[in-house]
Amino acid sequence: MTSPTDPRIERTRQHVLTCARELLLAEGAEAVTFSALARQARVSRNTLYRHWATPEQLLVDLTLEYYVMRVDDNASMTVPEFLHGLRDNLSTSETASILTALIARAHRDESTSEALQHLAGRRKEALASITGPLSDAQFAALIGPLFYQAFIARGRLDDAFVDELIALTTLPR
């Protein structure tokens, strides 16, 4: 991946990421090919390859760019605010499209797997900045039901569900 120092390079990168997000939402993750994206963004495929070696890496950057909560932004949050924010994020079609695409690709692409691990680590750090140290099991027990409900059960992910989940936790609120 190119490390942008020239503002023009960063503008191009941001433009391509915006176009990739639009393409993803309109046509799904499988439609995000370098050929289709080059047409949509009006750049050459070589430009895309200068920034990302594979479409998976582009999806990883798209995820990290738009959906990673910054740890610093959570310092004054409460656990309910964090969980409601995560719920809201999981409820968007953008997040659902990107996460399901990354989860599907993680089994065959190491960089995608590492990106998901990075994303989970960042979420865990963000929550730990509110609660104090968390074990992997504590984190999974709190966050897992939201992902299960959003992506597996395809059930309600409303305030009542999140509030019930919070009531079940022993973490500081």
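The values are calculated or read from the model by the stated rules, or taken from the named source; none is laboratory data. This structure is a prediction, so every number in the text was calculated from the model and none was measured. No Cβ is skipped: glycine too gets one built from the backbone with ideal geometry, and neighbour counts run over all protein chains shown. Remember, those area values only see protein heavy atoms, side chains included, never the ligands or the DNA or RNA. Shrake-Rupley method; radii C 1.70, N 1.55, O 1.52, S 1.80 Å.
Brief remarks on what is shown
- Cβ-based charge dipole, the chain, positive-most Cα from 126, 25, 77: 25
- The length gained on full extension between residue 78 and residue 122, counted as 0.36 nm times the residue separation minus their Cα-Cα distance, comes to 14.2 nm.
- Residue 110/residue 9 FRET efficiency (R0 35 Å; Cβ-Cβ; nearest 0.05): 0.85
- Residue-count net charge about residue 106 - beta-carbon cut-off 14 Å; Lys, Arg +1, Asp, Glu -1: -2
- Listed candidates (1) 124; (2) 169; (3) 106 - label of the one calculated as volume of the Cα convex hull per residue in Å³: (1)
- Working from label points 7 Å from Cα in the Cα-to-Cβ sense, the residue 91 to residue 42 distance is 3.7 nm.
- Sites residue 154 and residue 33, calculated FRET efficiency, Cβ-Cβ separation with R0 41 Å, nearest 0.05: 0.90
- Accessible area of region 106-157 divided out per residue, in Å², using a probe of 1.4 angstrom: 56
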